[in-house]
Amino acid sequence: MEHRLSQRLPVGKSLLVYKRGLPIATGRLRDVSKRGMFMVTDFAEVGLHQKLEVEFRVPEKDRDVPRRIAAVVVRKTDEGLAMEFEHDSESEVDNPGIQALLDAQSGSVDRTFRDVFAV
């Protein structure tokens with residue numbers, strides 16, 4: 001039986017993966033929670049505990065705005081990568097990308113989580 005600290009929500013958003021500031025792979029966000037995400041990708045040139053950045057686009061007003069989130073690879077499967085978001089503390093999120101995820105998931109913004117990650 002799985003014991004999760006936060007609920008995972010299904011998503012189907014395209015992602016771009018960066019390593020040391022350079023784009024290295026593409027993927028698809030399968031699900032996301034307050035603490036991390038699972039990315040479907042065939043990119044295998046990554047190790048456990050490796051830090052990456054993941055970029056996705058968030059609709060804001062009349063345009064899509066790119067957001068990047070730093071994350072650490074915590075599990076690898078044949079299907080992709082499980083990643084945990086990197087931030088300084090549980091109570092303070094300083095990355096606007098993580099904040100967009102948390103706001104949308106908690107319902108504190110006008111649009112729903114599915115609207116934020118609409119394909």
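The values are calculated or read from the model by the stated rules, or taken from the named source; none is laboratory data. These numbers were taken from a predicted model, which means no experiment stands behind them. Reconstructed Cβ throughout: ideal geometry from the backbone, glycine too, with neighbour counts over all protein chains shown.
Considering only residues that are farther than 16 Å from F38 by Cβ and of a type outside the set (D, E, K, R), look in segment 73-97 and name the one that is modelled with the lowest pLDDT.
This residue is S91.
Hey, among the residues in segment 58-78 that are farther than 16 Å from R20 by Cβ and touching a residue at least 40 places away in the same chain (Cβ under 8 Å), which one's surrounded by the most Cβ atoms within 10 Å (Cβ to Cβ)? Steps first, please.
Of segment 58-78, the ones farther than 16 Å from R20 by Cβ are 58-67, 74-78.
Imposing the further condition that a residue be touching a residue at least 40 places away in the same chain (Cβ under 8 Å) reduces the set to 58-59.
Details: V58: 20, P59: 13.
Step by step, filter segment 58-78, then rank; the result is V58.
Residues that are more than 18 Å from E86 (Cβ to Cβ) and either polar (S, T, N, Q) or at pLDDT 85 or above (or both): find the strands (runs of 3 or more DSSP E) completely inside segment 1-72 holding 3 or more of those.
Once the strands (runs of 3 or more DSSP E) in segment 1-72 are filtered for at least 3 residues that are more than 18 Å from E86 (Cβ to Cβ) and either polar (S, T, N, Q) or at pLDDT 85 or above (or both), what remains is 22-32.
Of these, L22, L52, which one is touching a residue at least 24 places away in the same chain (Cβ under 8 Å) and not aromatic (F, W, Y)?
L52
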